[in-house]
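Right, one structure below, let's go through it.
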Amino acid sequence: MAAVDTSPDLVAAAGGKAAAQKKAARAVRRRVLPGLPLALGITLVYVAIVVVLPLAALIFKAASLGPADYWRIISSDRAFASYRVTALCALAATVFNLVFGMALAWVLVRYRFPGRRLVDALVDLPFALPTAVAGIALTTLFAANGWFGAPLAALGIKVAYTPLGIIVAMSFTSIPFIVRTVQPVLEELDPALEEAGQTLGASDLAIFTGVILPLLTPALLAGVSLSFARSLGEFGAIIFIAGNQPFSTEITALLAFIRLEEYDYPASAAIASVMLLTAFVMLAVTNLMQARALRYTVRG
Amino acid sequence: MSHSARRRPPRVGDNPLFRRALLAVVLLLVAVMIVAPLVVIAVEAFSRGVSYFAASITDPDTRHAILLTVITALIAVPINTALGVAAAWAITKHDFPGKRLLTVIIELPFSVSPIVAGVAYLFVYGLQGLFGPALQAAEIKILFALPGIVLASMFVTAPFVARELIPLMQAQGRDLEEAATSLGASGWRTFFSVTLPNIKWALLYGVVLCNSRVMGEFGAVSVVSGNIRGQTNTLPLHIELLYHDYNAAGSFAAASILAGLAIVTLVVKVALERQGAGRVQRPSALAGADSIVPEVKP
């Protein structure tokens, strides 16, 4: 800060004036548009009943366990194994989608080929197709007697009912995230940047890693965090293909569900609360990443 | 020399060999990961012939599941649409403290696993939950009945309409509405003749996506419905039931209905995107909308 003569009175007066002007501007606005009480009332009642109440009830139930019991449940060997399977498979699926999603976005933006618009529309299929439908379809494809499962089994690779199957299901359900975050950035990319690299004699690979990739990174990170978060919470597509063996192919969401079916409600609440907290953390991360990505796209 | 100088230099990745190889790999993966699941649904659905397919679809339990799914959507989608419009109106046309927090809360269900949503509802309306004993005493059934299914569906799709409308209405600003009200139009008239025409495609877009998710929701509904065959089984749950009954053809026949819905959704989505829906940059809830107001070109 530069040393400027700032008498406190002057600053206070200026601040007060600015605040008063702001207040006046706001008051005018508030007077002009009607409907706030009704719209806000509907929103608050809905949000309180449908969103906040259940999540608060879950947290309350989990908290009423007491720290010792809570810790015992969420750190049990079986729960821990489920976190490991879920997190590692989500990581693998996200890495696959990072490469596949970026290649798909690249092909859709940079190349012209017959059927491009159809492929572009199909990218959203994993969001439109109900997860249970995706689950039985992928299981049928990758089971040992399936279209893809049979040849893979001949090579000694089992997909369905192994962690590999979980990775396939997670990849499927989160394909659109990275494609749809990278696509607009690629479209907006200024060709002059590449041409500058070319005139300086850089190879295509050097331009891609040195010029294009850094520009795509914020969008890629945003897509990666969305994709990873979705994979952590996915249930429907996975339970059909996973085999659901405790300690090896049991995901955390399923464990919460199984505890419920065993009428072990406190355990279910505790495990669900772990998932909820993870979701909060991932929400903060994705928002941070998206804010960064938007900084790069909007100013383009 | 002059001939090649006039042409633009090839862009990065336009080497014909690389281009062909990348295109082949990507299209192969699209075929395996996206097209094959669709094809296998159709093939399996008709694996025991057309008559078996028809019998599966018209089976009373399947018909009941379809009916329950449609009823759920008919209740949940209009309510969520009303919420989306109300929330977007309040958030984009007014200033009030806690606006950012409200935006985050509306978007929250998008980040919460459907299973967590289902379990959470159990602790509100279940016997071991907050209101369970009181509801039982009053003989009101919410869980393992239609109200529970509708509530769980509403939770998972709460943000769908709002997240399409908020960025669009933010970008459109308040000038038109302020002009209308200062000319004496009532709030409702302003909404219906000024705001609604400007947001209709985005609104429809949100409704279509919301409907698709409500009809296909599995995890959350699976927890709160109790899976009672012919009573509280929605179509996705019925698919699971048939699949575990080793009735693959019947299961895929039921699944083909939802796959058909997914394809219709995609077609409508593309058509609406041509009208400009779904194209506004989504603000992130935590970053706050003020940071991304699009530049207005003169």
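Throughout, read-outs are computed from the coordinates displayed, never taken from laboratory work. The model shown is predicted, which means the values in this text are computed figures rather than measured ones. Every residue, glycine among them, receives a Cβ derived from its backbone with ideal geometry; neighbour counts consider all protein chains shown.
Normalised by the number of residues in chain B, the average gap of Cα pairs under 8 Å and 6 or more apart makes the relative contact order 29 percent. Per-residue shielding of B:98-111, expressed as the average number of other chain Cβ atoms within 10 Å of the residue Cβ, stands at 4. Spatially close Lys pairs in the protein assembly as shown, defined by Cα atoms under 24 Å apart and a spacing of eight or more places or different chains, total 10.
Given in Å, the Rg to one decimal and the Dmax to the nearest whole number for the Cα atoms of chain B are 24.1, 91. With q set to 0.12 Å⁻¹, the log10 of I(q)/I(0) for the protein assembly as shown, from the Debye formula over equal scatterers at the Cα positions, is -1.29.
Dividing the C-alpha radius of gyration of region B:38-98 by 2.2 N^0.38 Å, with N its residue count, gives 1.98. Start at zero, step by 20 Å, and the Cα-Cα distances of chain A spread as 24, 44, 27, 5, 0 percent across the bins. Comparing B:Ser193, B:Ser56, B:Ser182 in a Gaussian network model of chain B where C-alpha atoms under 10 Å apart are linked, the largest mean-square fluctuation is found at B:Ser182. Under conditions of 20 °C and 1.002 mPa s, region A:72-169 yields 135 µm² s⁻¹ as its translational diffusion coefficient, taking Rh as the Kirkwood radius over Cα pairs in the Stokes-Einstein equation. Here the Karplus relation 6.51 cos²θ - 1.76 cosθ + 1.60, evaluated at θ = phi - 60°, turns the backbone of region A:139-151 into coupling constants of 4, 5, 5, 9, 5, 4, 9, x, 4, 9, x, 5, x Hz, with x for every Gly and Pro.
Between region B:7-49 and region A:37-53, the C-alpha centres lie 45 angstrom from each other.
Top mean-square fluctuation among A:Leu155, A:Leu88, A:Leu33, Gaussian network model of chain A, C-alpha springs under 10 Å? Fluctuation is largest for A:Leu33. Region B:156-228 has equivalent-ellipsoid semi-axes of 35, 12, 9 Å, by the square roots of 5 times the alpha carbon gyration tensor eigenvalues, sorted largest first. Can you find, among B:Gln172, B:Leu242, B:Ala117, the residue farthest towards the positive end of the dipole of the protein assembly as shown? Put +1 on the C-beta of Lys and Arg, -1 on that of Asp and Glu. The one lying farthest along the dipole's positive direction is B:Gln172. The tail of the calculated P(r) for region A:198-300, taken as Cα-Cα distances beyond 22 Å, holds 53 percent of the pairs. Between region B:247-268 and region B:164-193, the C-alpha centres lie 40 angstrom from each other. Amide H contacts of A:Val159 (H built 1.01 Å from N, in plane; Pro and chain starts excluded): no residue 5 or more places away or on another chain comes under 5 Å. Take every pair of alpha-carbon atoms less than 8 Å apart whose residues are at least six positions apart; their mean separation over the length of chain A yields a relative contact order of 25 percent. Result for chain B in a Gaussian network model with C-alpha springs under 10 Å: among B:Ser251, B:Ser113, B:Ser212, the largest mean-square fluctuation is at B:Ser113. The order of B:Val221, A:Val285, going from fewest to most other C-beta atoms within 10 Å of their C-beta, is A:Val285, B:Val221.
If you take the Cα centroid of region A:56-102 and the Cα centroid of region A:226-300, the two points sit 7 Å apart.
Only helical DSSP H runs with n ≥ 4 go in: add -39500 (n - 2.57) per run for chain A, normalise by residue count and round the 222 nm mean residue ellipticity to 500 deg cm²/dmol.
-24500 deg cm²/dmol
Computed over chain B, the per-residue total of -39500 (n - 2.57) for DSSP H runs of n ≥ 4 gives a 222 nm mean residue ellipticity of -21500 deg cm²/dmol, rounded to 500.
Averaged over the residues of peptide A:196-206, the number of Cβ atoms from other protein chains lying within 10 Å of each residue's Cβ is 2.
To the nearest µm²/s, what D does Stokes-Einstein give for region A:96-239 at 10 °C and 1.306 mPa s, using the Kirkwood radius over alpha carbon pairs as Rh?
Estimated via Stokes-Einstein, D reaches 94 µm²/s.
Note on region B:1-146: Rg/Rh from C-alpha atoms, Kirkwood Rh, equals 1.20.
Peptide packing for A:128-139, A:175-186 was compared via the average number of neighbouring C-beta atoms within 10 Å per residue; ordered from the highest value, the list is A:128-139, A:175-186. The alpha-carbon atoms of region B:73-134, seen along their principal axes, cover 42, 29, 25 angstrom, with the largest extent given first.
Per-residue shielding of B:216-226, expressed as the average number of other chain Cβ atoms within 10 Å of the residue Cβ, stands at 5. The three principal axes of the Cα atoms in region B:138-276 give end-to-end lengths of 65, 45, 19 Å, sorted in falling order.
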